[in-house]
Each structure stands twice: as structure tokens, then as C-alpha cells.
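Student: The structure that follows is given in the form of C-alpha cells.
Quick note: the coordinates plus some simple rules give every number you see, no bench work behind them. On a predicted model such as this, the values are computed, not experimentally measured, just so you know. Counting neighbours? That spans all protein chains shown, and the Cβs are built from the backbone with ideal geometry, glycine included.
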Amino acid sequence: AHVKNPPPAIDGNALVSMCLSRAGIDRMFGVVGIPVTSLANRAQALGVRFIAFHNEQSAGYAASAYGYLTARPGVLLTVSGPGCVHGLAGLSNAAANAWPMILISGSSDQSLTGRGDFQELDQIAAVKPFSKFSAKATDITEIPKSVFSVVDWAVAGRPGGTYLDLPTDVLHQTIDESEAERLIAEALKSRDKALIEKPRIDNSKIKKAVELLRSAQRPLIVFGKGAAYAKSENELTKLVESTGIPILPTPMGKGLISDKHELAATAARSLAIGKCDVALVVGARLNWLLHFGEPPKWSKDVKFIIVDVCEEEIELRKPFLGILGDATEVVGMIHKEIKDDPFCLGKTHPWVEAVRNKGKDNVAKMEVQLSKVVVPFNFLTPMKIIRDAILGVGSPAPVVVSEGANTMDVGRSVLVQTEPRTRLDAGTWGTMGVGLGYCIAAAVASPDRLVVAVEGDSGFGFSAMEVELSDAYDGNTNTDYYFGSNNLNLQCFSSAKSVYAFIWPFQTLVRYQLPVVVIVFNNGGVYGGDRRNPDEITGPYKDDPAPTSFVPGAAYHVLIEAFGGKGYLAGTPDELKSALAESFSARKPAVINVTIDPYAGAESGRLQHKN
Ligand code: ADP
């Protein structure tokens, strides 16, 4: 007689993967190991692209940026205990930047809690300061509801980080397929609609905003990465072009409307914020980046109109007018309201003229500095060459990733953003070490774009630099050795662990063949070379290098070649130009090691007052 095989049992790992896939998650970043390896494998089999890192911190930064770029939660998968702790870096970065992200972590066996199980930790408590919502599936039947709720919470209201805890025993529990389908259907049905709904916009506030803008003498429109996240570029462009109001993007708001737009006040920032009388602030917080909206940078009489999805944000800043709602919808409504009785400042309006003239003056002054060819390189000479090379790529414009003190500072004023969401930098939290994770996220989120990272050697070194400390690298570039990605390799080659752990980003770049060109501004240290006065250095460790110093002339370009990528060393304009031309057209992983005069940078870049 014919005996039918019983339907395959679904374990917790498989059920989580099924639910993620049903929730529309199609990318995951992480590091596998006990107890989540099979979760990653199952997810991959269901069509989720799993980008396997070596270090959860960078994978978490990637997940956070992926959430920002796609407006869908970026997922970080980690192992229990230490894996979860490493993942907190990414989760906290998502929280600080208001980007949607989910940390999914395996955890130890529930029946052994408190007895010192393998990698045991109260992970729900550990993630608390950095997550807006967390769920623990204490039984396999709770998985579907838990997965859908962390997904919905990540994007609800102000986006942020959420956490899903999956105990080992739950991942190993099984149910049959029909039961799994029943639970998924039930959880989908009971999804909290209120979470996904956008707040209703108060029309009387739209009218009030229009009155304020209409009667302002010196209006300004400020937009930030919340507006970029909301994809407000079309609505903002319409509003700006119909009213002629000058615009000021925050660093990551850059490109929402091109930096080259004639109303761009970026080069006249001090005048614009110091003199405006009404500022419409869209998806940007009046935090340190915007000088808290207070004197002396802003006029004490400025009337703020704040547009934000987060009610607490509006309450905190106490603006003249707060409009709760999605940036794109609110800006669209303001534009519509104005259209009935249009007004436009026009090119000859004294305010528009003042901002334009000041901007032109400052740009001309900067161009004089940029046109001086300084070798050994200062920061400006290579930055101008890089700016022109990036502009030369055209559309779709490259995503620019930028970090470091001087490098990010100079880059922000020199590099030009022409398209939305093409700038990723240290962000609200000033997080350094994000660069390579962001590169990988950008390449995964926008496969049609080249990714160009302009990194200080210190920012870059968070993920790559410590290799200089290690003599464990034995020159063996056997690909099995370095390209293996399972735990066994890590154990077998623990003597080379520091090498293995620290040069992973290239390996990840090369392994997935992502079109990422990393440019390292190599000035031999944090802020620059050792500038201490030798007379002031005393004590038993006086011969140690300065806390700010790295090995001078480090050969970062050689690191990537160990993995089959392309490395360039550039100390002159011609060398840099040819490295950029070649690597931009190859669209393959590359590192350009740019030698900068170690005395060229300023301490803390230009953020001196914060140090
Ligand atoms: P920036 O660093 O560019 O100044 P911030 O991260 O400080 O930007 O501020 C972004 C703001 O945008 C946050 O207060 C966040 O609540 C808000 N925000 C996020 N999504 C939206 C949206 N869809 N519409 C309006 N505001 C949003």
C-alpha cells in the first residue's frame, strides 16, 4: 500500500524566516552561530538576502542605514549574549537617528535561566534603552505575532529600533505546516492597524503655517533626514519653487533638493539661520546639529514651524507652531493651500538676494582655496578632485558615505549632493566606525548606485585598522582560509583572530562584489599626526605614541588586495585622479589610500568646542 510521508515539521527557525518573509523583509545583515545559523539558512532559502558579516557592530550599522535608505526595517541577526551586546551598537544608532531597525537575537535556553547557561543574558533588559518595543517568543506559537509586531513597531510613528528575542528552546520546538499557516494567518489578521496609520493632519495648522510663511520677511525652509526618509523631495521642490523661499538642508538632508539649486543657502548658513524670521523645519530636530534653535546662532525672535511625525518632539521644542504628520503629506498640503493664492519672493527680493550673494561670496572664497594644488595633500586638494569625480558620474549619483573628524567636516562643505538620500555620515550621534557598514547597506539598498566612502583614517580604522597591531597574519592568502565564514574557521585559526576580526569589511565587500570605493584620508592619526610638545611629555610612558597617533604611512590599500580587491596609493593629484577614474568605472571593491600631510588637520575637525 502507498504510505504518505507526514508533512515536514516546521521548527522555530523556519517559522521566524517564514514570518519575516511574509512581513516583506527581504534583506538581513548579521553574524551567524548558535542558535541562529539555521534561521539565516532558512531565510536565504525563502528569498531573503543574508549579508554575512564578521562583526555584529558593523552589521548593525548596516541594518540601521538600510532602514533609513529603504524606509523598511533593516534586520540584524545576532547570536545570544555577546552577539546581542555587539548588536547594541547598531540598535542604539538606529534609535538616535530615528531609523527603523530590528535586532533579532537568539538567547539561551529558558529552562536553564539563572544557572549560567551558554551565552546567558537578560537580553530584554540589555536592549531596553535602545529599543522602542521588544518581544520575546516564549513558545513557538508566539513567533508569528512577535515577528509582525517588531516589524510594525520599527516603522510606526518616529522610526526606531525594536528587538525580538528567540530562546534556543523555542527555535528548536516544532509544529506542523498547517498549524504554522494558521498561526501566521491569525497574527496577520490581528496586526495593530493603529501602528501603521499616519497621524491625521490638522488643517487649521496648515492654514496658519501658510499665513506665517506669507507674512514673513525672511523665511527659510530647513529639511533633514526625516524628510529624506519620508521621500519628501517632490513636494519640497514644488513648495520651494513656487514660493522662492531659500532652503537649508541638514547634512543628511543634502540632496533632497540639489545643493546646486539657486535657492540653496548652504554656503550662507550663518546668515540664513541667524537672520531668518520664520523657519519651516521639516523632519529635522532642533538638537545640537541645529544649535537647539537658539541664540546666538538663531535670532531670538525666529518663529519655528516644526513638521514632525513625533508628538514628543514637537512638545519638547515648543515651537511657535507644530504640525504633527508625515513630512510629505504636510508639505504637500502647505503647497496646495498656497496654490489657491500664490506668492513668490522672486529673485530680487532683498532676503533672497542677500542669501544668494552671501552664498556666492563664500563659494568663491572656497573655490580659491580649492584651486590651490597643495602637495603633500592638505584636505582640500584631494577633496576637490573627489568632488569632481563624483559629479562626473552623473545620474544615478553615487551614495557618499563620510566619516572622520576633518575628513567629514571638509567633505560636508566641499562634496556636492544632487540626489536624495545619497549622503550617509556620522549622523545625530556622531557615530564613528559606521563607514563600512553604511557602504555595504547602501550598495545592497541601491544596487544601481556606485558607493563612495570618504573616510578619515580613524573612522575607517574602527573596522579595518587594528590589523597593524597584529603579527598573527602569516601571509597565507589561501582563499579557503580567509573566505570561510563559519564558526569552525574562527576556532581553527584563532591565532589569527585579530586579523580575521578586523579586516572583515573588505572581505564582505569583496565576497559580495559590491561596487564600493573606499577613499581613506591617511594622516596618521585621529585628527592628524603627533603634535605634542616633546617638553611636555613626561612619565614612564613618555616614549609611547600619542593617544591620537597611528602608524605613519599605513598601507591600507594593501589590506583589500589580500582579499582580491583593488588597492591604490595616491599622494599626488594625478595619482588620485587616475585611481578614481579606474575604480569608478570598474565598479568593483577598491580602497584608495590617500596620503595626507599629518599636520594638515585641525583638532576635532571644526567641532573643537565639543571636545
Ligand atoms: P537631521 O539630523 O537631518 O536634522 P533628525 O534625525 O534630527 O534630522 O530629525 C529627523 C526628524 O524627522 C525626527 O524628529 C523624526 O521624528 C522625524 N521624522 C521621521 N519620519 C518622518 C516623517 N515621515 N514625517 C515627518 N517627520 C519624520
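Student: How many angstrom lie between the C-alpha centres of the stretch 158-217 and the stretch 295-317?
Tutor: 26
Student: Which residue, chosen from 359, 394, 343, occupies the Cα position most advanced towards the positive end of the dipole of the stretch 315-421, where the dipole is computed from +1 (Lys, Arg) and -1 (Asp, Glu) charges on Cβ about the Cα centre?
Tutor: Farthest along the dipole direction, towards plus: 359.
Student: Still on this structure: State the three equivalent ellipsoid semi-axes of the chain, derived from the C-alpha gyration tensor as the square roots of 5 times its eigenvalues, in descending order and whole Å.
Tutor: Values for the chain, descending: 41, 35, 21 Å.
Student: By per-residue mean of other Cβ atoms within 10 Å, what is the highest-first order of 159-169, 528-538? Walk me through the numbers before you get to the answer.
Tutor: Values: 159-169: 26.2, 528-538: 12.0.
Highest to lowest by the protection proxy: 159-169, 528-538.
Student: On a straight-distance basis, which aspartates and glutamates could pair with residue 136 in a cross-link, Cα separation under 12 angstrom, same-chain partners fewer than 8 positions away excluded?
Tutor: In chain and number order, the partners are 122, 165.
Student: How much net charge surrounds residue 308 when only the other residues with a Cβ under 11 Å from the Cβ of residue 308 are counted, with Lys and Arg +1 and Asp and Glu -1?
Tutor: Taking every Cβ under 11 Å from that of residue 308, the sum is -2.
Student: For residue 292 and residue 122, calculate 0.36 nm times their separation in residues minus their Cα-Cα distance, and state this gained length in nm to one decimal.
Tutor: Fully extending the segment from residue 292 to residue 122 adds 57.6 nm.
Student: Could you tell me how many cubic angstrom of Cα convex hull volume the stretch 154-259 has per residue?
Tutor: 164
Student: For each pair in 208/300; 132/336; 297/384; 225/566, compute the distance between the two Cα atoms and list the pairs where it is over 25 Å.
Tutor: 132/336; 297/384; 225/566
Student: Starting from 0.36 nm per residue, how many nanometres of slack lie between residue 193 and residue 388 once their C-alpha separation is accounted for?
Tutor: Gain on extension, residue 193 to residue 388, equals 65.5 nm.
Student: Between their Cα atoms, which of 198/254; 358/577; 207/254; 238/347 are more than 23 Å away from each other?
Tutor: Table pairs above 23 Å Cα-Cα are 198/254; 358/577; 207/254.
Student: With Cβ to Cβ distances under 10 Å as the rule, what net charge do the other residues near residue 396 carry (K, R +1; D, E -1)?
Tutor: Residues near residue 396 contribute -1 overall.
Student: Based on the Kirkwood radius over alpha-carbon pairs, what is the Stokes-Einstein translational diffusion coefficient of the stretch 246-384 at 25 °C with 0.890 mPa s viscosity, in µm²/s? Present the calculation step by step, with values, prior to reporting the outcome.
Tutor: On the way: Rh = 16.9 Å.
Estimated via Stokes-Einstein, D reaches 145 µm²/s.
Student: Take peptides 63-73, 308-318, 270-280, 143-153 and line them up by average Cβ neighbours within 10 Å, highest first, as a rough protection proxy.
Tutor: Most protected by this proxy first, the peptides run 63-73, 143-153, 270-280, 308-318.
Student: Here is a follow-up. Can you put 413, 134, 402 in order, fewest other beta carbons within 10 Å first?
Tutor: So the residues, fewest neighbours to most, are 413, 134, 402.
Student: Can you compute the modelled spin-label distance between residue 46 and residue 185, with each label point 7 Å from Cα toward Cβ, in nm?
Tutor: Reported label-point gap for residue 46 and residue 185 is 1.7 nm.
Student: Please label the shape of the stretch 193-232 as rounded, prolate or oblate, based on the square roots a ≥ b ≥ c of the eigenvalues of the alpha-carbon gyration tensor (a/c under 1.5 means rounded; beyond that, a/b larger than b/c means prolate, else oblate).
Tutor: Values: a/c = 5.28, a/b = 1.52, b/c = 3.49.
Oblate is the answer for the stretch 193-232, as a/c is 1.5 or above yet b/c matches or exceeds a/b.
Student: Along Cα→Cβ, 7 Å out, is where each label goes; now give me the distance between the ones at residue 548 and residue 587 in nm to one decimal.
Tutor: Rounded to a tenth, the inter-label distance reads 4.1 nm.
Student: Using 7 Å Cα-to-Cβ label points, what is the residue 139/residue 214 separation (nm, one decimal)?
Tutor: 6.2
Student: Once the dipole of the chain is set up with Lys and Arg at +1 and Asp and Glu at -1 on Cβ about the Cα centre, which of 537, 5, 268 lies farthest towards its positive end?
Tutor: 268
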